[in-house]
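The values are calculated or read from the model by the stated rules, or taken from the named source; none is laboratory data. Everything numeric in this text was worked out from a predicted model, so none of it was measured. Backbone-built Cβ (ideal geometry, glycine too); neighbour counts: all protein chains shown.
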Amino acid sequence: EPEVTQTPSHQVTQMGQEVILRCVPISNHLYFYWYRQILGQKVEFLVSFYNNEISEKSEIFDDQFSVERPDGSNFTLKIRSTKLEDSAMYFCASSPGTGGLPRLNSPLHFGNGTRLTVT
Amino acid sequence: KQEVTQIPAALSVPEGENLVLNCSFTDSAIYNLQWFRQDPGKGLTSLLLIQSSQREQTSGRLNASLDKSSGRSTLYIAASQPGDSATYLCAPYNFNKFYFGSGTKLNVKP
C-alpha cells in the first residue's frame with residue numbers, strides 16, 4: 001500500500017540553525033499538510049498546501065517557517081532559525097482531492113514523522 | 001475555533017473487554033471525522049473515516065459512530081487485544097484542516 005515517507009527520522013540541530021524536513025507524499029495525492037506534536041501535547045496543524053501554494057496556515061506557522069514542493073514528488077518544511085520550542089515531532093500528511101477540495105471520503109495519510117531536537 | 005475533547009484520557013483493561021472511547025467537538029459544521037491510532041514514537045494510522053452524512057462506520061472489530069448535531073463521536077472496540085494498546089485520536093475536519101483531541105491512551109493487559 002502506498003505510504004507517506006519522511007526523512008530524516010530524527011534531526012538534532014543547534015538553536016539558530018536552519019533545518020529542512022523532507023516528505024514524499026503519496027503519488028496521486030494533491031493536498032499536503034504539515035502537523036507537529038510537542039511531546040505530551042496535541043497534534044497541531046501547521047500548514048496545508050495545494051496547487052503549489054499555501055491554502056491555509058496556523059498562527060504557529062510564522063515567518064520562520066516555509067514550505068515548498070521543489071519537484072513532482074517532494075514536499076519540504078523549512079525552519080529558518082530554529083528555537084528551543086521548535087523541538088517536536090513533525091508529521092507530513094497527504095490526501096487526494098479534486099476541484100479545490102480534499103476528497104471528503106478519503107482519509108488523511110500520515111508519515112511516521114521527523115523528531116526534531118533543538119539544543 | 002474547533003475544540004476537541006476525548007474521554008477518558010487513559011484506560012487500562014483486561015484482554016477481551018469491549019471498549020468505548022468518546023470524542024466531543026464544539027463546532028458541528030464538519031465535513032468528516034477521522035479516528036487514528038498512534039503508537040509510541042510513531043506516526044498516525046487512519047482507522048476509520050465517517051463522512052458528515054453518515055451515522056456509523058465499521059472496520060473489523062472497530063465501529064465508529066457520529067452524532068454531528070450534538071458534536072459527538074464514539075469509537076467502539078470489540079474483544080480488545082493487547083495489540084490494541086496505543087493512543088487513539090479523534091479528528092474532525094472543518095475549516096480546511098483536521099483538529100485533534102489529546103487522545104485516549106489505551107492499555108490492554110494480557
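Annotations for the structure displayed:
- The residues on offer are B:SER12, B:SER102, B:SER28, B:SER59, and the sole one that is touching a residue at least 40 places away in the same chain (Cβ under 8 Å) and surrounded by fewer than 13 Cβ atoms within 10 Å (Cβ to Cβ) is B:SER12.
- Among the residues of the range B:31-41, those identified as surrounded by 15 or more Cβ atoms within 10 Å (Cβ to Cβ) and more than 10 Å from chain A (Cβ to nearest Cβ) are B:LEU33, B:ARG37.
- Hits in the range A:80-98 (condition: surrounded by 11 or more Cβ atoms within 10 Å (Cβ to Cβ) and within 23 Å of B:GLN38 (Cβ to Cβ)): A:ASP86, A:SER87, A:ALA88, A:MET89, A:TYR90, A:PHE91, A:CYS92, A:ALA93, A:SER94, A:SER95, A:PRO96
- Selection from the range A:34-61 of residues that are modelled with pLDDT of 95 or more and among the hydroxyl-bearing types (Ser, Thr, Tyr): A:TYR35
The rows are residues; the columns are (1) outside any loop (DSSP other than H, G, I, E, B); (2) acidic (Asp, Glu); (3) touching a Ser or Thr at 6+ places or on another chain (Cβ under 8 Å); (4) surrounded by fewer than 20 Cβ atoms within 10 Å (Cβ to Cβ).
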{"site": "A:MET15", "(1), (2), (3), (4)": "no, no, yes, yes"}
{"site": "A:VAL47", "(1), (2), (3), (4)": "yes, no, yes, no"}
{"site": "A:GLU59", "(1), (2), (3), (4)": "no, yes, no, yes"}
{"site": "A:VAL67", "(1), (2), (3), (4)": "yes, no, yes, no"}
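- Qualifying residue in the range B:46-64 (condition: touching a Pro at 6+ places or on another chain (Cβ under 6 Å) and either assigned to a loop (DSSP other than H, G, I, E, B) or closer than 17 Å to A:HIS109 by Cα (or both)): yes
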